[in-house]
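*Asks:* Quick one: structure below, then a few questions.
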Amino acid sequence: MSIGLIALLDDIAALAKVAAASLDDVAAQATKAGAKAAGVVIDDAAVTPRYVVGFAAAREWPIVRRIAIGSLKNKLVFLLPAALALGLFLPGAITPLLMLGGAYLCHEGAEKLWEKLVPHAVAPLAVATGPQDPQALEEAKVRGAIQTDFILSAEIMAITLGNLPESSFWMRAVVLALVGIGITLLVYGAVAVIVKADDWGVALARHPAPASGNPAAPNRMDRMLRPFTRALGRGLVKGMPPFLILLGAVGTAAMLWVGGGILLHGMETLGPVALPAFAQDLSHAAALAVPAMASSVEWVVHALLAGLFGVLVGAALIPVVSGVIRPLLRLVRPVSPA
C-alpha cells in the first residue's frame, strides 16, 4: 500500500511539473507575442483618451469602462474564434493577412506623420446634425471608440497569432486569450489613469490637508506635505498635455517600426527576400562594429531600418487609400451624419 501511495505521489508530482512547465510556456509565449504588438498598444493608449474629451469628470471612467468591455468583446468573442479558425483551416493565409495589417499600420503611422509635417485644414463638423443629448452623444462616442478598437484589436490578435510557434489548438487559444485580456487591461488601465491625472492634479494642488484629509483643521504633517503635494498637483496638470503629445509621437513611431518589421518578416517568407536580407546584413555589420554592445546595436539598427521602410510604404499608400479605397468604402457604406 505504501509503495502504491508513493508511486501515486510520484505520478502527481510528475503531472504537476508538466503542468507548471506548460504554464511557464504559455506565459512566455504570451509575453513574447504581446511584446510584438507594442506599436498597436501604444497607439491605442494614445488614441483612446480623446473619446472622453468634453464629458463631465464623473462620466470619464464609466466611458472608459464601457470601451474596455467592448474591446474585450471584440477580442474574445469575435477575433479569438476567427484567429483560431484561421490557424486551423487556412494557416497559409496568416502571413499575407499579417502583412496586410502591417501595411495598415504603416499607412496610419505615415498619415499621422504627414499631418504633423504638413498640417491641412479639416472640414468642420456639422454640429447641428450630431446628437445633442448627452446620453446620445456618449453612446455615439463609445460606439465609435469600440469600432476603432476592433481594427486595433484585430492587429493585436493577428500579430500574436503570427508570432506563436507550432503548438496545440488549446495552447494557441489560451495564449491568444491571455494576450487579449492582458493588453486590454494594460491599455485601458493606463487610459483610465491618463484621463483622471489632471483631475487628481487639481485636487492635490488645492487640498490643504493632504495627510489628515481634514481641510478644516490641517495638522503639522499637512503643512509639511502641502508644498510637495501642491507642486506635484501643478506638475500633473501642466505635464499631461505634453505627455499626451509625447505618447502620440511614440505611438506613431512604434506603428511604423512594427508595421515595417511585419512587412520585412513577411517578405522573408513570401519573397522578395533581397530587402529583408539587406536589412539583416546591415544590422549585423553595425553590430560587428560595436562588439561591446552588439545585440543592442543590431536591434536598434534593424528597428530603424524597419521604421524607415514603414515610412516609405505608408507614404506610398496614402494616395491609394485617400484616392481609391476610401471613396469606394463611402460608396459601399455611406457615412452617417451622426
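*Asks:* Under 8 Å between Cβ atoms, at least 6 apart or on separate chains: pull out the pairs that start in region 87-110 with a residue that is free of Cβ contacts under 8 Å to residues at least 40 places away in the same chain and end on any residue that is assigned to a helix (DSSP H, G or I).
*Replies:* Going by the 8 Å Cβ cut-off, the qualifying pairs are 93/86.
*Asks:* I've got another one for you. As an exercise: evaluate residue 98 against (1) more than 30 Å from residue 171 (Cβ to Cβ); (2) surrounded by 17 or more Cβ atoms within 10 Å (Cβ to Cβ) and give the number of the one condition it does not meet.
*Replies:* Unmet for residue 98, out of (1) more than 30 Å from residue 171 (Cβ to Cβ); (2) surrounded by 17 or more Cβ atoms within 10 Å (Cβ to Cβ): (1).
*Asks:* Every residue in region 214-223 that is surrounded by 12 or more Cβ atoms within 10 Å (Cβ to Cβ) and assigned to a helix (DSSP H, G or I), please.
*Replies:* Answer for region 214-223, where residues must be surrounded by 12 or more Cβ atoms within 10 Å (Cβ to Cβ) and assigned to a helix (DSSP H, G or I): 221, 222, 223.
*Asks:* Are any residues in region 270-317 in contact (Cβ under 8 Å) with a residue 60 or more places away in the chain and either loosely packed, with under 14 Cβ neighbours inside 10 Å or not in a helix (DSSP H, G or I) (or both), and if so, which ones?
*Replies:* 270 - this is the single residue of region 270-317 that is in contact (Cβ under 8 Å) with a residue 60 or more places away in the chain and either loosely packed, with under 14 Cβ neighbours inside 10 Å or not in a helix (DSSP H, G or I) (or both).
*Asks:* Follow-up question, since we're still on this one. Might you let me know whether region 326-338 holds any residue that is touching a Pro at 6+ places or on another chain (Cβ under 7 Å) and farther than 21 Å from residue 159 by Cβ?
*Replies:* First, pick out the residues of region 326-338 that are touching a Pro at 6+ places or on another chain (Cβ under 7 Å): 338.
Of the ones still in play, those that are also farther than 21 Å from residue 159 by Cβ are 338.
Scanning region 326-338, I find at least one residue that is touching a Pro at 6+ places or on another chain (Cβ under 7 Å) and farther than 21 Å from residue 159 by Cβ, so the answer is yes.
*Asks:* Going through region 44-77 one residue at a time, which ones are loosely packed, with under 14 Cβ neighbours inside 10 Å, modelled with pLDDT under 75 and of a type in the set (A, V, I, L, M, F, W, C)?
*Replies:* 53
*Asks:* Right, here's the next one. Pick from 225, 256, 232: which is within 22 Å of residue 156 (Cα to Cα) and either touching a residue at least 60 places away in the same chain (Cβ under 8 Å) or over 20 Å from the mean Cα position of the chain (by Cα) (or both)?
*Replies:* Values: 225 fails: within 22 Å of residue 156 (Cα to Cα); 232 fails: within 22 Å of residue 156 (Cα to Cα).
Sole residue among the options that is within 22 Å of residue 156 (Cα to Cα) and either touching a residue at least 60 places away in the same chain (Cβ under 8 Å) or over 20 Å from the mean Cα position of the chain (by Cα) (or both): 256.
*Asks:* Is there a residue in region 22-29 that is surrounded by 13 or more Cβ atoms within 10 Å (Cβ to Cβ), modelled with pLDDT of 65 or more and more than 30 Å from residue 136 (Cα to Cα)?
*Replies:* Within region 22-29 (the criterion being surrounded by 13 or more Cβ atoms within 10 Å (Cβ to Cβ), modelled with pLDDT of 65 or more and more than 30 Å from residue 136 (Cα to Cα)), the answer is no, since none of the residues qualifies.
*Asks:* Which residue out of 278, 309 is aromatic (Phe, Trp, Tyr), within 30 Å of residue 159 (Cβ to Cβ), touching a Leu at 6+ places or on another chain (Cβ under 8 Å) and at pLDDT 90 or above?
*Replies:* On the way: 278 fails: touching a Leu at 6+ places or on another chain (Cβ under 8 Å).
Unique residue meeting the criteria: 309.
*Asks:* Still on this structure: Among the residues of region 123-132, is there at least one that is more than 28 Å from the chain's Cα centre (by Cα), farther than 30 Å from residue 86 by Cβ, modelled with pLDDT of 60 or more and in a helix (DSSP H, G or I)?
*Replies:* no
*Asks:* Can you tell me which residues in region 195-213 are touching a residue at least 60 places away in the same chain (Cβ under 8 Å) and surrounded by fewer than 20 Cβ atoms within 10 Å (Cβ to Cβ)?
*Replies:* To start, the set of residues in region 195-213 that are touching a residue at least 60 places away in the same chain (Cβ under 8 Å) comprises 195-196, 199.
Scanning region 195-213 gives 196, 199.
The values are calculated or read from the model by the stated rules, or taken from the named source; none is laboratory data. Please read these numbers as outputs of a predicted model, since none were measured by experiment. Glycine also receives a Cβ, built like all others from the backbone with ideal geometry; neighbour counts cover every protein chain displayed.
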